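Let me begin by presenting the structure, written as structure tokens, before commenting on it.
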Amino acid sequence: GENVEQHPSTLSVQEGDSAVIKCTYSDSASNYFPWYKQELGKRPQLIIDIRSNVGEKKDQRIAVTLNKTAKHFSLHITETQPEDSAVYFCAASQGREGAQKLVFGQGTRLTINP
Amino acid sequence: GAVVSQHPSRVICKSGTSVKIECRSLDFQATTMFWYRQFPKKSLMLMATSNEGSKATYEQGVEKDKFLINHASLTLSTLTVTSAHPEDSSFYICSAELAGGWETQYFGPGTRLLVL
């Protein structure tokens, strides 16, 4: 089955700097890769996703890149702000179309220092 | 849009009792819902996939007789923790997949269960 590895487990950056979180996956059939942000005690919220037919996607300060050959994808947050502090999870789809599930990475605790 | 609710938000129960958790998609239909368990400072662990009108598919290691799942309609799935024990204490989160929405999952706010 699918295995998703996420690094780093913790990341601390200065406000205004960029943050990068990386994930690798094992199943070459995976075709959907979402990123979720979870604040303490709250629900995971989808912040951006990418499908395997696209190499990069951007939404304001957030971008995701996908390298299908190397089986890794990354989240990039630019001009970080204190409200970006949270735990971020990557995920990769597993299973046949119409019956897919998500396999999550271990999470990255991002702290933005003012 | 794509709002998922979960009830109750927290529950405390005695060991041996059963607890039912509801997951509802409020403004969309969800043919598939998922139930996750999350331990403190850990990732989301998929317990089962719930499809409307059919039996749930459980992940390896998850006891189907202990965690009963029912998906009676396109907007409601329930998880019943039967004969709960302290080790069942956890944060349970459901998600709903937007029908025809290309696997995008929207999460409920979670239910914190404490079994005494």
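The values are calculated or read from the model by the stated rules, or taken from the named source; none is laboratory data. What you see is a predicted model, and the numbers here were worked out from it, not measured in a lab. Using ideal geometry, Cβ is built from the backbone for each residue, glycine included, and neighbour counts are taken over all protein chains shown. Calculation scope for accessible area: heavy atoms of the full protein, side chains included, ligands and nucleic acids excluded. Shrake-Rupley method; radii C 1.70, N 1.55, O 1.52, S 1.80 Å.
Take every residue in peptide A:84-95, count the Cβ atoms of other chains within 10 Å of its Cβ, and give the average of those counts. Don't skip to the answer; put the middle values down first.
Values: counts 0, 0, 0, 3, 0, 2, 1, 4, 0, 2, 1, 3.
That average works out to 1.
Can you list the residues in region A:27-53 whose accessible area drops by at least 20 Å² when all protein chains are present, compared with the chain alone? Use a 1.4 Å probe, heavy atoms only. Residues losing area: A:TYR32, A:TYR36, A:GLN38, A:GLY41, A:ARG43, A:PRO44, A:LEU46, A:ARG51.
From the alpha carbon gyration tensor of chain B, can you work out the equivalent ellipsoid semi-axes (sqrt of 5 times each eigenvalue) and give them in Å, largest to smallest? It would help to have the intermediate numbers written out before the result.
Values: eigenvalues 103, 41, 33 Å².
After scaling each eigenvalue by five and taking roots: 23, 14, 13 Å.
With a 1.4 Å probe and all protein chains left in place, how much of the accessible area of the protein assembly as shown comes from carbon and sulfur atoms, in whole percent? C and S atoms contribute 50 percent here.
Working from label points 7 Å from Cα in the Cα-to-Cβ sense, the B:VAL3 to B:LYS64 distance is 3.5 nm.
Listed as lacking a disulfide-compatible partner in the protein assembly as shown: B:CYS13, by the criterion of no other cysteine Cβ under 4.7 Å. For the pair region B:1-26 / region A:44-83, the C-alpha centres are spaced 31 Å from each other. Qualifying GluC sites (Glu not before Pro) in region A:61-102, where qualification requires a DSSP coil assignment and no more than 13 other C-beta atoms within 10 Å, comprise A:GLU79, A:GLU97.
Give me the accessible area per residue for the protein assembly as shown, probe 1.4 Å, as a whole number in Å². Walk me through the intermediate numbers first.
On the way: 11450 Å² over 230 residues.
For the protein assembly as shown, the per-residue accessible area is 50 Å².
Considering only B:ALA72, B:ALA48, B:ALA56, the Gaussian network model of chain B with Cα springs below 10 Å gives its largest mean-square fluctuation to B:ALA72.
A plus B alone minus the pair: what accessible area, both sides summed, probe 1.4 Å, in Å² to 100? Between A and B, the summed buried area is about 1600 Å².
Loop-only check: which chymotrypsin sites (Phe, Trp or Tyr not before Pro) in region B:1-107 are DSSP coil with at most 13 other Cβ within 10 angstrom? Answer by residue number: B:TRP102. For q = 0.10, 0.17 Å⁻¹, what log10 I(q)/I(0) does the protein assembly as shown give under the Debye formula with an equal point scatterer on each alpha carbon and no solvent? After summing over all Cα pairs, the log10 values are -0.46, -1.24.
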